[in-house]
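Here the structure is laid out as structure tokens; the discussion comes afterwards.
The values are calculated or read from the model by the stated rules, or taken from the named source; none is laboratory data. Note that this is a predicted model, so its numbers are computed, not measured. For neighbour counting, all protein chains shown are included, and Cβ atoms are generated from backbone atoms with ideal geometry for every residue, glycine included.
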Amino acid sequence: DNDTDEANTANDDGKERETNSNDQNQHSSPNTDTELWKLARQFLCAMLVQILYAVIVAWADPDCNWSFFDSIYFAVQTSTTVGFGDYVPTSQQSRAISIIFIPVVVGTMGQFLSAVAAFIMDIQAKRFRSEMK
């Protein structure tokens, strides 16, 4: 009877260990669908801030005669810190607005791009862990 009890305890312990390790894997690995929705929300937030910035700058600088596409182009190149210099705000109002909005758009784009990088790294880490098993 002692041998049977020890075997049952070992089996029970083994099952508990498997359950615990599965729980840990579920908590430590990213849920891809949830992470994709987070990325989508961050992307939308970054785009909305850029569109808002583009519209306000174009409105504040009527002499520039930018199309909506030109304004979006300016906002995206500013938020990604590319800054080609082909579109620049020329009025005092649009420059003042840019002083306020540039840190905001650069921050939102930086946050989005860092979330994309973290998502890719999580996927790679998950693949690496599965290969190591």
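Within the set Gly110, Gly83, the sole residue that is under 23 Å from the mean Cα position of the chain (by Cα) and at pLDDT below 90 turns out to be Gly83. Give the residue that is nearest to Phe101 (Cα to Cα), with candidates limited to residues of region 25-84 that are surrounded by 14 or more Cβ atoms within 10 Å (Cβ to Cβ) and of a type in the set (Asp, Glu). Among residues in region 25-84 that are surrounded by 14 or more Cβ atoms within 10 Å (Cβ to Cβ) and of a type in the set (Asp, Glu), the one nearest to Phe101 (Cα to Cα) is Asp61. Cβ-Cβ distances below 8 Å connect the following pairs, each with a first residue in region 39-64 that is aromatic (Phe, Trp, Tyr), a second residue that is part of a helix (DSSP H, G or I) and surrounded by fewer than 17 Cβ atoms within 10 Å (Cβ to Cβ), and a separation of six or more residues or different chains: Tyr53/Val104.
Quick grid of which residues meet (1) among the small types (Gly, Ala, Ser); (2) touching a helix residue (DSSP H, G or I) at 6+ places or on another chain (Cβ under 7 Å); (3) modelled with pLDDT of 85 or more:
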| site | (1), (2), (3) |
| --- | --- |
| Gln24 | no, no, no |
| Leu44 | no, no, yes |
| Gln50 | no, yes, yes |
| Trp59 | no, no, yes |
| Asp63 | no, no, no |
| Trp66 | no, yes, yes |
| Tyr73 | no, no, yes |
